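One structure is given below, represented as structure tokens, and several questions about it will come after.
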Amino acid sequence: MSWLKLDLDVVAAVAEEVGDLLLELGALSVSLSASSTDSVIEPAPGSTPLWRCNRLSALLPLDVDVAALRDGLASRVQDPCFEVGFVDGDDGLARWREHAVERCFAERLWVLPRDAQAPSGPSLRLDPGLAFGTGGHPTTRLCLEWLAGQDLHGLRVLDFGCGSGILALAACVLGARQVVAVDHDPQALLATRENAAYNQVTPEQLIVQEPTELSGEGGFDVVIANILANPLLELASVFMALLRPGAALVLCGLLANQADQIVKGYPGVQFDVPMHDGDWLRLSGVKCASERDVEKA
């Protein structure tokens, strides 16, 4: 079976809205990438890629009314100009799914594309095109493995640098009482809210906000940050203030040769043995309860 393939370039601010509109207009799938004239602004590993101009690629039935489709897009995009071609059905679906993840973490948490059959137990569904950060990057995998290995029931969790929201949402479906997802980029906050709605995570369980809105000194049981080494060092005092004594700190987005530097930057944390996935590693530990514990660490 063949499909109609539509490619449309839009500015980043409306990409998610136009992608949803294409689905409403009959698209089987919508994927997102940088346009041919744009380049990626370097994101933290495993987080949302940020493009000034996005290319939306949609697969549609061959009998779709192209004129009606253009009219529908005109409600969101001024003078929509798109390219249309044909693809074999199997090739098109494979292309759409090539960045999707279908995997069970710690034999407990399933991360799946939206069209996959859900197994029993906790599961998180993400669109591989529009949701970004779907669990395929080593740093995201390392964080998901840690989260899935914990008992999060009743805990308050902070995901700093949430990107698509995948880690924050994983904590929610694993039973955290409340999760705060923080990112400085509005595009990431929109993606997190959209994924939360799709996975039926309530605003009461998941709070999505900018870093300037973050408060609650000593109020978190877990702080997880999948960003880069320099920001992790700069934020050390912030994270330490947000953690209660004995709470867990999970740091990722690190290369193996950066571990010692990060450990020295967090003298108040007793770290476990680092976990590796290729060249990347995850550091996890607990905040020491007293100065004596810090000396022992």
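If I filter region 206-231 down to residues being modelled with pLDDT of 95 or more and touching a Cys at 6+ places or on another chain (Cβ under 9 Å), which single residue comes out as nearest to Ser164 (Cα to Cα)?
For region 206-231, the residue satisfying everything is Val208.
Matching residues to (1) assigned to a helix (DSSP H, G or I); (2) crowded, with 19+ Cβ neighbours inside 10 Å; (3) charged (D, E, K, R); (4) within 23 Å of the chain's Cα centre (by Cα):
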{"residue": "Asn230", "(1), (2), (3), (4)": "yes, no, no, yes"}
{"residue": "Ser237", "(1), (2), (3), (4)": "yes, no, no, no"}
{"residue": "Ala241", "(1), (2), (3), (4)": "yes, no, no, no"}
{"residue": "Ala248", "(1), (2), (3), (4)": "no, yes, no, yes"}
{"residue": "Leu254", "(1), (2), (3), (4)": "no, yes, no, yes"}
{"residue": "Asn257", "(1), (2), (3), (4)": "yes, no, no, no"}
{"residue": "Val263", "(1), (2), (3), (4)": "yes, no, no, no"}
{"residue": "Leu283", "(1), (2), (3), (4)": "no, yes, no, yes"}
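Would you mind stating whether Glu291 is at pLDDT below 95, of a type in the set (D, E, K, R) and within 15 Å of Leu158 (Cβ to Cβ)?
no
Go through (1) within 22 Å of Leu174 (Cβ to Cβ); (2) surrounded by 15 or more Cβ atoms within 10 Å (Cβ to Cβ); (3) without any contact (Cβ under 8 Å) to a residue 60 or more places away in the chain for Asn226 and report which single condition fails.
(3)
Of the residues Gly246, Gly163, Gly149, Gly218, which single one is touching a Gly at 6+ places or on another chain (Cβ under 8 Å) and not charged (D, E, K, R)?
Result: Gly163 is the single residue among Gly246, Gly163, Gly149, Gly218 that is touching a Gly at 6+ places or on another chain (Cβ under 8 Å) and not charged (D, E, K, R).
May I pose another question? Need a quick list: strands (runs of 3 or more DSSP E) entirely within region 117-205 having at least 1 residues that are surrounded by 20 or more Cβ atoms within 10 Å (Cβ to Cβ), under 11 Å from the mean Cα position of the chain (by Cα) and modelled with pLDDT of 95 or more.
Fully inside region 117-205 and qualifying: 156-160, 178-182.
I'm checking my understanding of the structure. Among residues of region 2-21 that are within 22 Å of the chain's Cα centre (by Cα) and not in a helix (DSSP H, G or I), which one is surrounded by the most Cβ atoms within 10 Å (Cβ to Cβ)?
Val10
The values are calculated or read from the model by the stated rules, or taken from the named source; none is laboratory data. Please read these numbers as outputs of a predicted model, since none were measured by experiment. Neighbour counts run over all protein chains shown; Cβ positions are idealised from the backbone, glycine included.
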